[in-house]
Amino acid sequence: MAGTDEIEALIEMMARLPGLGPRSARRAVLHLIGKRGQLMTPLARAMGQVAETVRDCTICGNLGSSDICAICADEERRTGQICVVEDVADLWALERGHAFRGRYHVLGGTLSALDAVGPEDLGIPRLLDRVTDEGATEVILALAATVDGQTTAHYIAEALEGSGASVTSLAQGVPVGGELDYLDDGTISAALKARKAF
Amino acid sequence: MEWREEGVLLAVHPHGESGAIIEVFTAGTGRYAGLVRGGASRRLAPVLQPGAQLDAAWRARLSEHLGQFTVEPVRSRAGALLGDRIGLAGLSAITALLSFCLPERVAYPALYARSVALLDGIGAEGWGLAYLGWERALLEEMGFGLDLTRCAVTGSTEDLAFVSPRTGRAVSRSAAGEWAGRLLPLPESLRGGEAGLAEGLQVTGHFLHGALAASLGDRPLPAARDRLATLLSRV
């Protein structure tokens, strides 16, 4: 041990973060200590503030600093469209694209055959209530193109039959900048099935 | 310790930030688990979807170790089925049931061959009946085979109409008598015919839940199986 107990405890905590191990956590802590005024104190303050104020939106499951997140509270957003995503990271990815101006619903996972994750464990019953209560006209299923993701999508689509809302899903296929030679055969197969008039 | 063989990917469990522990079912080695380094990476994640046919090489210093897999895709099955509700449910049910009930490192070559044929035929005409036959074969391999060739009471091969929920043996209509209400109906689909797929799945489901799952510490059967049975029953 080279530092104090407090520094060692900080390194141990940092090493638990994604992307960091004991060595990289040690480097990060040394860097923070070297820039106490500019970086470490503001970072500690920001972390404390977020820890105190962050909460799940009671409507969509997004993160915010009040019971209703900024997206759900934004009156300029369309209310007729609900985009269903697996987790908050997916919501943020869609927001980065600035292509969607409706509202979201965060499931918090996908149905899993092996891990015994069922519809009640996710936000699916709450989603069905929202579609009825808000009079949604379209539900966009923006779930992963995996077996679990699409199984969840099919389940939701079936549950929404008769709700009056149209159910759509994101296209699957060749990504922007993708070369066919480097794609797996599952992606190519999905792209061929989803081909459109040109 | 090492081996290399083609097999079906049954399950993928995240391990750490970028790794995955996978379960592969092969003809020669049975259900085998191992670590894939970078299994959650952008390159490998699309390959490691349940149902994929893989060329898998497993290596460990000692046989009792978890071991590491290196995998090459042979063919993907999930990609073509993502938009097919029943097909995807079928793929999930088959892989989840195999992962659920197969003991580790015990070879079942006949069941493997049957599983590969069933997975390759998902969506083809008569696939539902093939799936029902596969569930019977699975029960048989696990020691809970149904004997539907003759009546358990009289030995008769005529007028078989019921299945005993305890023994899995057929019972003729005349022998059932007042017990008929307590027996499971024996549909044509379990006797080589085409009618009564839903009823057939109810019979195999009874033994999957009540006998197979019960023998495995009363763990609940994967929900994917009942989801598929519900979908097939509506067709």
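Rule-based calculations on the coordinates, nothing more; no lab input. All values reported here derive from a predicted model rather than from experimental measurement. Cβ placement follows ideal geometry from the backbone for every residue including glycine, while neighbour counts extend to all protein chains displayed.
Cα axis of helix A:41-53 to longest principal axis of chain A: angle in degrees, 0 to 90, nearest 10?
So the inclination is approximately 40 degrees.
Looking only at the protein assembly as shown, where both bridge partners belong to it, what percent of the DSSP beta bridges are antiparallel (to the nearest 5)?
That works out to approximately 70 percent antiparallel.
Determine the dipole magnitude for the range B:44-149: charges of +1 sit on the beta-carbon of Lys and Arg, -1 on that of Asp and Glu, nothing else is charged, the reference point is the Cα centre, and the result goes in debye to the nearest 20.
Using Cβ point charges on Lys, Arg, Asp and Glu, the range B:44-149 gives about 280 debye.
In square nanometres, what is the average projected area of the Cα convex hull of the protein assembly as shown?
28.5 nm²
Please work out whether the range A:5-53 counts as rounded, prolate or oblate from its C-alpha gyration tensor, where a ≥ b ≥ c are the square roots of the eigenvalues and a/c under 1.5 means rounded, while otherwise a/b larger than b/c means prolate and anything else oblate?
On the way: a/c = 1.91, a/b = 1.30, b/c = 1.47.
Oblate is the answer for the range A:5-53, as a/c is 1.5 or above yet b/c matches or exceeds a/b.
Pairing the Cα long axis of helix B:109-120 with the longest principal axis of chain B, what angle in degrees results, from 0 to 90 and rounded to the nearest 10?
80 degrees
DSSP beta bridges in chain A, what fraction antiparallel, as a percent rounded to 5?
Around 20 percent of the beta bridges assigned by DSSP in chain A are antiparallel ones.
Once you sort the root eigenvalues of the Cα gyration tensor of the range A:108-198 as a ≥ b ≥ c, which label holds: rounded (a/c under 1.5), prolate (a/b larger than b/c) or oblate (the other case)? Walk me through the intermediate numbers first.
Working: a/c = 2.99, a/b = 1.57, b/c = 1.90.
Since a/c reaches 1.5 but b/c is at least a/b, the shape of the range A:108-198 is classed as oblate.
Answer rounded, prolate or oblate for the range B:12-113, using the Cα gyration tensor with square roots of eigenvalues a ≥ b ≥ c: rounded when a/c is under 1.5, else prolate when a/b is larger than b/c, else oblate.
It comes out oblate by the Cα gyration axes.
Count the net charge of all other residues whose Cβ sits under 11 Å from the Cβ of residue B:53, scoring Lys and Arg as +1 and Asp and Glu as -1. Kindly include the intermediate steps, with their values, before the conclusion.
Values: positive: B:75, B:77; negative: A:185, B:6, B:55, B:72, B:120.
Net charge around residue B:53: -3.
Could you give the semi-axes, largest first, of the ellipsoid that matches chain A, computed as the square roots of 5 times the alpha carbon gyration tensor eigenvalues and rounded to whole Å?
38, 24, 17
So how do B:230, A:187, B:204 line up by other beta-carbon neighbours within 10 Å, fewest first?
Listing B:230, A:187, B:204 from fewest to most nearby Cβ atoms yields B:230, A:187, B:204.
Mind checking which of A:37, A:61, A:108 has the largest fluctuation in a GNM of chain A, springs on alpha carbons under 10 Å?
Evaluated over chain A, the most mobile residue of the options is A:37.
Give the long-range amide H neighbours of residue B:30: residues separated by 5 or more places, or on another chain, with amide H under 5 Å away, using H modelled in the peptide plane at 1.01 Å from N.
HN-HN under 5 Å from residue B:30: B:108.
Under 8 Å for C-alpha pairs, at least 6 residues apart: give me the relative contact order for chain B, rounded to a whole percent.
RCO, chain B: 16 percent.
How tilted is helix B:197-207 with respect to the longest principal axis of chain B? Cα atoms for both, answer in degrees (0 to 90, nearest 10).
That works out to roughly 80 degrees.
Expressed as a rounded percentage, what relative contact order does the range B:96-235 have, with Cα pairs under 8 Å and six or more residues apart? Provide the component values of the computation, followed by the final result.
Details: 166 pairs, mean separation 30.5, N = 140.
After rounding, I find 22 percent.
Using Cβ counts within 10 Å as a stand-in for footprinting exposure, how do A:143, B:35 rank, fewest first?
Ordered from fewest to most neighbouring Cβ atoms within 10 Å, A:143, B:35 come out as B:35, A:143.
Taking 8 Å as the Cα distance limit and 6 or more residues as the minimum spacing, I'd like the relative contact order of the range A:67-139 as a percentage.
Computed value for the range A:67-139: 36 percent relative contact order.
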